[in-house]
Amino acid sequence: MALPKVLSRSEDTRKQRTQLIKKTQEGLKVGPNQRSAETTPVVRYRGVKKSFGEVEVLKGIDLDIMPGEKVAVIGPSGSGKTTLARLLMTLERPSGGIIEVEGEPLYHKRVGEGLVPADERHIARVRSKIGMVFQHFNLFPHRTVLQNVTEAPIHVKKMPRRLAEEKARAMLEKVGLIEHIDKYPGQLSGGQKQRVAIARALVMEPKIMLFDEPTSALDPELVGEVLAVIKEIAEKGDMAMMLITHEMQFAREVADRVLFTDGGKIVEQGTPEEIFEHPKSERLQAFLARFRNGFGGGSQ
């Protein structure tokens, strides 16, 4: 089956996303009891820090991501961008600060007016709202494509098998793999494996999807097929996304907002046009200079 057609983003969509970003900024100015569901961030980082030994890789991150917003995170290797996603997916624990998902603390529980460390049941429940696609596919090699996609809905969400298979087939059709449902991972290309991983995450219906360099493990000729699927999901889907990527053109086309991280901090953020055409900081300008040919000089 052919890959889904990639739609270009309409001007109306851009305006709607810009309004979401404005609501993000407005959300910083009011207390949690004053926010409506529409203006409550799907994810909020407040003063989030992470250290590995004596090395501090995140230095007090403050970030809101609104429902439906597509946020690309760019920056040099070691700048902390992947750690942002790993903390949200609970693959690492923060050294300090608070992370909230739909207004609910991820690593803490509210008790009275304060917060106490959360137990594993609480963390697992909040984490269930988050999906992640990794650099490496992490598929079960001895299960078919369909079985890989239905595993979590059946065993985590306790979904009836028939319903799980129905939803899995719909997601596999969305990523262009419905004809491969009975194959095993070893029979697929790298791009096909990553598309299975995307379908597996989508079938859980997350509120936010994290993509951590989803094409970095692929051969160059397979990158395009995976990016095409992600673009299609971003265009048509209403869930939020955090896209950690070195694909600058991809970030420019897909994101509503782009963050540039360096040295464990968010150095600069803005619309794709602001970041790629009018970068303010010297550090971002130098970073983008490496990709200038790909943008035809648009990074200046």
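The values are calculated or read from the model by the stated rules, or taken from the named source; none is laboratory data. Worth saying up front: this structure is predicted, and the values here are computed from it rather than measured. FYI the Cβ positions are ideal-geometry reconstructions off the backbone, even for glycines, and counts take in every protein chain you see. For the accessible areas, the whole protein counts, side chains as well, though only heavy atoms, and no ligand, DNA or RNA atoms are used. Shrake-Rupley method; radii C 1.70, N 1.55, O 1.52, S 1.80 Å.
Reported count of residues in region 190-203, each being open to solvent by 30 Å² or more (accessible area, probe 1.4 Å) and in contact with a strand residue (DSSP E or B) (Cβ under 8 Å, 6 or more places away or on another chain), is 0.
Of the residues making up region 163-182, not a single one is within 22 Å of the chain's Cα centre (by Cα) and in a strand (DSSP E or B). Where residues in region 86-134 are small (Gly, Ala, Ser) and within 26 Å of Pro214 (Cα to Cα), which of them is most open to solvent (accessible area, probe 1.4 Å)? Out of the qualifying residues, it is Ser128.
Across region 204-234, the qualifying residues are those that are in a loop (DSSP other than H, G, I, E, B) and open to solvent by 40 Å² or more (accessible area, probe 1.4 Å), and the one among them that is farthest from Pro141 (Cα to Cα) is Lys207. In region 214-232, is there at least one residue being touching a strand residue (DSSP E or B) at 6+ places or on another chain (Cβ under 8 Å) and in contact (Cβ under 8 Å) with a residue 24 or more places away in the chain? Within region 214-232, one or more residues are touching a strand residue (DSSP E or B) at 6+ places or on another chain (Cβ under 8 Å) and in contact (Cβ under 8 Å) with a residue 24 or more places away in the chain.
When region 48-63 is filtered for residues that are open to solvent by less than 10 Å² (accessible area, probe 1.4 Å) and either closer than 18 Å to Ile275 by Cα or among the β-branched types (Val, Ile, Thr) (or both), the ones remaining, listed by number, are Val48, Ile61, Leu63. Can you tell me which residues in region 145-173 are in contact with a helix residue (DSSP H, G or I) (Cβ under 7 Å, 6 or more places away or on another chain) and of a type in the set (Lys, Arg)? If the condition is that a residue be in contact with a helix residue (DSSP H, G or I) (Cβ under 7 Å, 6 or more places away or on another chain) and of a type in the set (Lys, Arg), then Arg161, Lys167, Arg169 are the ones that fit.
The set of residues in region 148-189 being open to solvent by 80 Å² or more (accessible area, probe 1.4 Å) and either among the polar types (S, T, N, Q) or under 24 Å from Asp219 (Cβ atoms) (or both) consists of Lys174, Glu179, Tyr184, Gln187.
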